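If you scroll down you'll find the structure; I have some questions about it.
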Amino acid sequence: MRTDPPESASETAQLTGFLDHQRETLLLKTEGLTREQLARQHAPSSMTLAGLLYHLAYVEESWSVEDFSGQPLPEPWPGVDWSADRDWEWHVAVDLEPDELRRRYEEACRRTDAVVAAAGDLDALSAGSLRNGNRFSLRWMLLHLLEETARHNGHADLLREAVDGVVGE
């Protein structure tokens, strides 16, 4: 069940509220599907709903845990040979069960939420830096996660409709 973001609250509550709304949208788009349905590709793209879930789990944890907090990533990410397969999370996801994919995404979101709570201040700067060498703020990270999740929810809309005709928010 999705909850609407707060209409009037602190900036942190509004940013996390909108991010939560987008996260819940992705979970709704993948609800009730089998492993085979989640793994289904639709031309011309090789993107799958399974891949979206696992990719966004990686995105959440890489930005919040590793880049912002400077902590080691949880499994399975440290053991991945990214140089051998830059899209590993997309490829391996099709072999995972729906409950595992959804649970893993929810765990990643909880880890990000814990990072946000620990930082406390939207102006807090990351431990790591961007490619340009600049550190980024917690606000920037939340906006980036919101943008990436919302963009991929557009893909999820199309993929879900192609799988079983389900449309809607």
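What are the pairs, 6+ residues apart or on separate chains, where a residue within the range 115-136 that is in contact (Cβ under 8 Å) with a residue 24 or more places away in the chain has its Cβ under 7 Å from a residue that is open to solvent by 30 Å² or more (accessible area, probe 1.4 Å) and part of a loop (DSSP other than H, G, I, E, B)?
Cβ pairs passing all conditions: VAL115/SER69; ALA127/SER69; ALA127/GLY70; GLY128/GLY70; PHE136/LEU130.
Give the range 107-117 a look and list any residue that's of a type outside the set (Lys, Arg) and exposed (fewer than 12 other Cβ atoms within 10 Å of the Cβ), or say none. Walk me through it before giving the result.
Taking the range 107-117 first, the residues of a type outside the set (Lys, Arg) are 107-109, 112-117.
Within the range 107-117, just ALA117 meets the criteria.
Separate question: Among the listed residues VAL80, VAL59, VAL94, VAL65, which satisfies the condition of being more than 17 Å from the chain's Cα centre (by Cα) and either among the aliphatic types (A, V, I, L, M) or at pLDDT below 95 (or both)?
Working: VAL59 fails: more than 17 Å from the chain's Cα centre (by Cα); VAL94 fails: more than 17 Å from the chain's Cα centre (by Cα); VAL65 fails: more than 17 Å from the chain's Cα centre (by Cα).
Just one listed residue meets the conditions, VAL80.
If you scan the range 121-130, which residues turn out to be part of a loop (DSSP other than H, G, I, E, B) and open to solvent by less than 60 Å² (accessible area, probe 1.4 Å)?
Pass one, the range 121-130, residues part of a loop (DSSP other than H, G, I, E, B): 121-124, 130.
If the condition is that a residue be part of a loop (DSSP other than H, G, I, E, B) and open to solvent by less than 60 Å² (accessible area, probe 1.4 Å), then LEU122, ALA124, LEU130 are the ones that fit.
Could you list all residues from the range 82-106 that are open to solvent by less than 90 Å² (accessible area, probe 1.4 Å) and either farther than 16 Å from LEU52 by Cβ or outside any helix (DSSP H, G or I) (or both)? Break it down stepwise before answering.
Kept after step one, since they are open to solvent by less than 90 Å² (accessible area, probe 1.4 Å), are these residues of the range 82-106: 82, 84-85, 87-90, 92-94, 96, 98, 100-102, 104-106.
Those that are open to solvent by less than 90 Å² (accessible area, probe 1.4 Å) and either farther than 16 Å from LEU52 by Cβ or outside any helix (DSSP H, G or I) (or both): TRP82, ALA84, ASP85, ASP87, VAL94, LEU96.
Just give me the residues in the range 131-169 being open to solvent by 60 Å² or more (accessible area, probe 1.4 Å) and aliphatic (A, V, I, L, M), in sequence order.
Across the range 131-169, the qualifying residues are LEU143, LEU158, VAL166, VAL167.
Ok, one more. I'd like the full set of residues that are over 18 Å from ASP123 (Cα atoms) and of a type in the set (Ser, Thr, Tyr), limited to the range 1-33.
Result: THR3, SER8, THR25, THR30.
The values are calculated or read from the model by the stated rules, or taken from the named source; none is laboratory data. Owing to the predicted nature of the structure, the values given are computational and were not obtained by experimental measurement. Virtual Cβ from ideal backbone geometry, glycine too; neighbours counted across all protein chains shown. Heavy atoms of the whole protein, side chains included, go into the accessibility calculation; ligands, DNA and RNA do not. Shrake-Rupley method; radii C 1.70, N 1.55, O 1.52, S 1.80 Å.
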